[in-house]
Amino acid sequence: MLRILVLVLLLANAVYFAWSQRYFQMYGFAPAMRTEPQRLQAQIKPENIRLLTEAELEKAQAPSAQSSQPAEPAQPARDCLQAGPLKDKQVAVVRKAMEAALPAGSWDIEATPAKPRWVIYMGRYASDEQMLKKQAELKALGVTGQPAATGELEPGLVLAVLESEAAAKTELARLANKGIRTARVLQGRDAGPVYLLKVPAATESIRAKLAQAKPALAGVPLKACN
């Protein structure tokens, strides 16, 4: 009996060995494959595969993250424009014109203290017509005279504005050599404010609307902010 048991065990071991070695695969009896050699054969340059560090992974993902974000729409050009100084009597007129032409908050009239100055002045004249006549005479001599913006000097012409009395007297002597005899040096007042119209973000749309308010500026040009 013991001999038969030993033979059965030997036979069972032989059968198990043949089964584990897939000798019975053709009959449909074989263990499940735990490896996939066909995948190894299909690899392309497996020696190039390497593990990335966290920093390298973030760097590799950065371009794809940027490309997935929608492009921001182009912002319209916004330039800062200003006009001035404005005459005292102009301020109310310009303010009314700007309120009619531009949306609230898109413009402002700023008042800044006037700096001490020295001016070379001609006037006062009896009328604006007389002042314009004198302005034309000065132009023929190669000298530019601007209408005075201060009420007590109107109508009159300012030939130069300087920062010191010495510089003003030097300029007055130069003008005298050109035949200008009636000009004089005055100390500018530093008490009254200087008014400037400022449009901090002038888009194309705002520029178009500014054309409606230009007559109120009475020839004072709009230019880039300082």
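Values quoted throughout were computed directly from the atomic coordinates according to the rules given, and no laboratory measurement underlies them. All figures in this text were calculated on a predicted structure; none of them were measured in a lab. Backbone-built Cβ (ideal geometry, glycine too); neighbour counts: all protein chains shown.
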Relative contact order, percent, segment 115-190 [alpha-carbon distance under 8 Å, six or more residues apart]: 48
Proxy reagent accessibility, fewest Cβ within 10 Å first, across Ile120, Ile4: Ile4, Ile120
Charge dipole (debye, nearest 20) of segment 115-190; +1 at Cβ of Lys and Arg, -1 at Cβ of Asp and Glu: 260
Given charges at Cβ of Lys, Arg, Asp, Glu: segment 115-190 dipole, positive-most of Val119, Thr182, Gly145: Thr182
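Taking the Cβ of each residue in Ser106, Ser20 as the centre, tally the other Cβ atoms inside 10 Å and list the residues starting with the fewest. Kindly include the intermediate steps, with their values, before the conclusion.
Details: Ser106 17, Ser20 11.
Starting with the residue having the fewest Cβ neighbours, the order is Ser20, Ser106.
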